[in-house]
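The values are calculated or read from the model by the stated rules, or taken from the named source; none is laboratory data. Bear in mind that the values here come from a model prediction, so they are computed numbers and not experimental data. Cβ: placed from backbone, ideal geometry, glycine included. Neighbour counts: every protein chain shown.
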Amino acid sequence: MQPRMKNADQERFLLEKYASDRQEPFERFLRRILKFLNESKSPEKDSKDVLTEALQTIQSFTKFKECTIGLKDPDGLYRFKAMVGFREEAMKAREEIAYSSDDMNDFVSYRPVSICRFALFHISERKPYKPGMENTYNNPQLLGIPRKRPDDMIEGDYLEIIIRGKNQEIIGWIELSGTSDGKLPSRDEVLKAEFFSSCLIPVLERMIR
Amino acid sequence: MLEKSEILGKMLDILRKDYRGFPKDRDENAMIAVASFVTRSIDSDSPEKIAKEALTVIHRLFDFQYVYIALKDKDGTFRYVAQLGLPKDREAVLFNLRYTKEDVFDESTYPSTQLSDLTRFYMSESRPFREDEIGTFGRPAKIAERRLSPDEMIEADYFDVFITDWNRETIGWIELSMTRSRKLPDRTTIAWIELIATLMGMIISEKSGGE
C-alpha cells in the first residue's frame, strides 16, 4: 500500500477554487438560501423569526420592498405570519385577516394572471382585495391611480406564490409588492422567488404539523 | 399617449409571455428540477426513494459520472443506499460497505480537504480509500494515474457533501466522482449539491421522527 500523502499544491489550488470569497453570481443566490435553511434549524429561533428571515432572503435577491408570508393554522384558516416593508397600520390590518380554504383556492374572484408554475400576478385595476381591505396596503391613497406604462408596478399590484406541501395541500403563501424602481419584476427575480418558495416547503411543513 | 385599456392590454402581454418559456440555462433547469424533487420527496414514504430521486436529479443536471448516496441506518451505521454510474455487477460491493461515524471522519484513512461546512474533497494522491473499497471506483486500474493539471479530476478523486438533520447531526452523504469533462466542477455545482443535500436532510429527518 502506498503512503497517504496530501499534495500541498493541489490542496492550495482547491481551497483557492472552492473556499475563497470569490463567489460566482448564481452561487451567491444558492449560498443565501443555504444560509437561511441552516439558520432555520436553530432552536433559539421561533417561527416568526424564521419567517421574517425568509422574507429578508427574498428581498436580498429581488427588488421587492414589501413581502409577506402566511401559513395554515391548526384551525384550518390561513393567516399572515410575518411581514417586512409595511407600515404599522397595514401590518395590523393584515394580522386581522383569516382566509378559508375556499378563499385560498379561489383563483377566479380576483382574476390573477398565472405567470409561472406557482406564481400569480394580481393587477391593481382588477381590485384584488375585498371592500374594506384597502388599509392592508402601504399607500391606500394611491389605489386607483392609473398606470402610466405597461411595465409599471403600481399600488395594488402584487405577486402571489402559493406554497403546497404534503398531498398538494396549500400550506402557505407569499405576497410580494412595491418594487424599488416601480417596475415589474424581471423573469430572473420571479423564477428565483418561486424556487425559494419550494425550498421553504420542509421548513413550513415542520412549522405547521 | 396610450389609452388606459391599451396600457393594460400591453401589460397583460408582458405578464403572459415574459415569465414563461423554456429554461435558458443549467441553473434555470436546476431550479425546476430541484423544486420538483422537493415536491415529490415531501410525499415520499421512504428515505431510499428520496435518495434515488436526488441521484436522478444530480446525474441529469451535473457532470458527474458516479453519484452515490449513503444514509444512516437504524443501527447507527452508514451504508450506501443508491448509486448511479457503477455497473450492476459491482453495485453489491458498494452496498455491502458499512461505516461507523468514526470511520466516516477518520482522517488517517480518508484524508480530506474541507471546502465548506458540508463539503470535503478527497484527493487521489492521498489514497482516500480502504482496499475493500477499490472496486467501488469506476475504473480501478486508473487509480495511480498522475494529475496533469490542478483543475483535472482523476480516478479516486471524490467529493463528499454531507447530509445533516435538524440538529445538524450527520445522517448521510452524497458522493460525487469523475466528471465527464475530467475537470473539477465549478463552485455553483457544489452549491447546488449542498442545497440538495440540505433539503434531503430536512425532509428525511422530519419523516424519521423530526430530529
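Among the listed residues A:16, A:95, A:24, which satisfies the condition of being surrounded by fewer than 18 Cβ atoms within 10 Å (Cβ to Cβ) and more than 11 Å from chain B (Cβ to nearest Cβ)?
A:95
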Kindly indicate the residue of the range B:135-152 that is at pLDDT 90 or above and either touching a Pro at 6+ places or on another chain (Cβ under 8 Å) or at the interface with chain A (Cβ under 9 Å from one of its Cβ atoms) (or both) and also nearest to residue B:87 (Cα to Cα) among those meeting that condition.
B:147
Pick from the range B:1-28, criterion out of contact with any Cys (no Cβ under 6 Å at 6 or more places or on another chain) and either of a type in the set (Phe, Trp, Tyr) or over 26 Å from residue A:183 (Cα atoms) (or both), ranking: nearest to the other protein chains (Cβ to nearest Cβ)
B:26
When you scan the range A:1-115 for helices (runs of 4 or more DSSP H) that lie fully inside it, which ones turn up with 3 or more residues that are closer than 16 Å to residue A:172 by Cβ and not aromatic (Phe, Trp, Tyr)?
A:47-61, A:101-104
Top-ranked residue of the range A:108-153 - restricted to ones that are out of contact with any strand residue (DSSP E or B) (no Cβ under 6 Å at 6 or more places or on another chain) and hydrophobic (A, V, I, L, M, F, W, C), ranked as surrounded by the fewest Cβ atoms within 10 Å (Cβ to Cβ):
A:108
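Conditions tested, residue by residue: (1) within 20 Å of the chain's Cα centre (by Cα); (2) not hydrophobic (A, V, I, L, M, F, W, C).
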{"position": "A:68", "(1), (2)": "yes, yes"}
{"position": "A:83", "(1), (2)": "yes, no"}
{"position": "A:89", "(1), (2)": "no, yes"}
{"position": "A:105", "(1), (2)": "yes, yes"}
{"position": "A:114", "(1), (2)": "yes, yes"}
Going through the range B:111-158 in order, the residues found to be polar (S, T, N, Q) and either farther than 14 Å from residue A:7 by Cα or without any contact (Cβ under 8 Å) to a residue 12 or more places away in the chain (or both) are B:113, B:114, B:116, B:119, B:136, B:149
When the residues of the range B:1-41 are filtered to those that are more than 30 Å from residue B:203 (Cα to Cα), surrounded by 11 or more Cβ atoms within 10 Å (Cβ to Cβ) and among the hydrophobic types (A, V, I, L, M, F, W, C), which remaining residue is modelled with the lowest pLDDT?
B:2
Could you say whether any residue in the range B:129-138 is in contact with a Lys or Arg (Cβ under 7 Å, 6 or more places away or on another chain), of a type outside the set (Asp, Glu) and over 24 Å from residue B:92 (Cβ atoms)?
no
Going by the structure shown, is residue B:48 over 25 Å from residue B:183 (Cβ atoms), surrounded by fewer than 21 Cβ atoms within 10 Å (Cβ to Cβ) and more than 17 Å from the chain's Cα centre (by Cα)?
no
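Has the range A:181-188 got at least one residue that is facing chain B (nearest Cβ under 8 Å), in contact with a Leu (Cβ under 7 Å, 6 or more places away or on another chain) and at pLDDT 95 or above? Quick ask: steps written out before the conclusion?
From the range A:181-188, those facing chain B (nearest Cβ under 8 Å) are A:184, A:187; that's our starting set.
Adding the requirement that they be in contact with a Leu (Cβ under 7 Å, 6 or more places away or on another chain) leaves none.
No.
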Which of the residues that make up the range A:101-138 are in contact (Cβ under 8 Å) with a residue 24 or more places away in the chain and away from every other protein chain (no Cβ under 14 Å)?
A:101, A:103, A:104, A:105, A:129, A:133, A:135, A:136, A:137, A:138
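Just checking, does the range A:44-54 include any residue being buried (at least 20 other Cβ atoms within 10 Å of the Cβ), touching a strand residue (DSSP E or B) at 6+ places or on another chain (Cβ under 9 Å) and within 13 Å of chain B (Cβ to nearest Cβ)?
For the range A:44-54, residues buried (at least 20 other Cβ atoms within 10 Å of the Cβ), touching a strand residue (DSSP E or B) at 6+ places or on another chain (Cβ under 9 Å) and within 13 Å of chain B (Cβ to nearest Cβ): present.
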Which ones in the range B:104-136 are under 19 Å from the mean Cα position of the chain (by Cα) and of a type in the set (A, V, I, L, M, F, W, C)?
B:104, B:105, B:115, B:118, B:121, B:123
Does any residue of the range A:158-174 turn out to be part of a loop (DSSP other than H, G, I, E, B) and within 10 Å of another protein chain (Cβ to nearest Cβ)?
yes
Can you name the condition, by its number, that residue B:207 falls short on among (1) under 15 Å from the mean Cα position of the chain (by Cα); (2) farther than 20 Å from residue A:13 by Cβ; (3) of a type outside the set (Asp, Glu)?
(1)
Applying the selection to the range A:116-153, what residues are within 24 Å of residue B:18 (Cβ to Cβ) and assigned to a helix (DSSP H, G or I)?
A:124, A:125, A:126
Just to be sure before I move on: is residue B:107 surrounded by 14 or more Cβ atoms within 10 Å (Cβ to Cβ) and out of contact with any Ser or Thr (no Cβ under 7 Å at 6 or more places or on another chain) in the structure I sent?
no
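Output yes when any residue across the range B:4-24 is assigned to a helix (DSSP H, G or I), out of contact with any Phe, Trp or Tyr (no Cβ under 8 Å at 6 or more places or on another chain) and touching a residue at least 24 places away in the same chain (Cβ under 8 Å), and no when none is. Write out each step before concluding.
Keep residues of the range B:4-24 that are assigned to a helix (DSSP H, G or I), which gives B:4-17.
Of the ones still in play, those that are also out of contact with any Phe, Trp or Tyr (no Cβ under 8 Å at 6 or more places or on another chain) are B:4-14, B:16-17.
Narrowing further to those that are touching a residue at least 24 places away in the same chain (Cβ under 8 Å): none.
Within the range B:4-24 (the criterion being assigned to a helix (DSSP H, G or I), out of contact with any Phe, Trp or Tyr (no Cβ under 8 Å at 6 or more places or on another chain) and touching a residue at least 24 places away in the same chain (Cβ under 8 Å)), the answer is no, since none of the residues qualifies.
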Determine which single condition residue B:121 fails, assuming it passes every other condition in (1) surrounded by 15 or more Cβ atoms within 10 Å (Cβ to Cβ); (2) over 21 Å from residue B:150 (Cβ atoms); (3) hydrophobic (A, V, I, L, M, F, W, C).
(2)
